[in-house]
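Below is one structure, written out as structure tokens, with a few remarks after it.
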Amino acid sequence: MPDADLLRHAAACYHTAGQPAEAARCLALAGAHRQAGDEFAELGLDRAAADQYVLAGEPELAGWRLVHHAGDPSAARAVLAATDGHSAVRRAVVLTRCDVAEGVRRPPLLDTFRAVCALLSGADATAEARQAEEWAIALAEQTRRYDQAALVFAAAVRGGRWGAVDRWAEWSRRVLRTELTLPPLPSAPADARPPEEIDPMDVTGPLSL
């Protein structure tokens, strides 16, 4: 089997040459499955990306790619059923997205959004929280639950998530076609969390839901 370092070097060369598919293939052969999955995802090769995420031990990533991007909730459910995950919250978002894709009459939307908000308003700054936020916003858009999107963003702001206000403002412009107006937040050190007493629904202007 080719040396993993050589394969990574080959992947970099393919990138430079404008051949990302070959770069992804080299990364997969090198055992860099998460990176390979990200490369395949960028190319829109959703099933190939999901396969690599499974090999990387990221079943939730694989499930989301399959249901939200490939439109295959059955495959997403199969991946989650066959593997142990690392994140109950992300798994809940994926399964709820499967329910929506399958036309389930009453998917557990509110329970899922509450779980995401609880994660985001906590102290742990993890990649899991950032993904949960991103997926929850996509789920809110898919179901036109813009009120829940506002709550998710507000929880991210309250939890001191880096860039949360900017993401909320960009989403407001893109989806609602309006500018976001927030009440002034207390000044705090860059690594500090905003005070818990900030009401996530204390929003003035166009996003008062």
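A few remarks follow.
- In plain terms, the chain is cut at each of the GluC sites (Glu not before Pro) found in a DSSP loop with at most 16 other Cβ atoms within 10 Å, and the longest leftover piece is 1-101.
- Taking the longest Cα principal axis of the chain as reference, the axis of helix 127-143 is set at about 70 degrees.
- Computed from phi, the 3J(HN,Hα) profile of the stretch 147-152 under the Karplus parametrisation 6.51, -1.76, 1.60 (θ = phi - 60°) reads 4, 6, 4, 4, 5, 5 Hz, with x in place of Gly and Pro.
- Global geometry of the stretch 69-160, whether rounded, prolate or oblate, following the gyration tensor of its Cα atoms and the 1.5 cut on a/c: oblate
- Rg to Rh, two decimals, where the chain supplies the alpha carbon set and Rh follows Kirkwood: 1.03
We did not get these values from a lab; they are worked out from the coordinates using the rules stated. Because the structure is a prediction, the values reported are computed rather than measured. Positions of Cβ are backbone-derived with ideal geometry, glycine not excepted, and every protein chain shown enters the neighbour counts.
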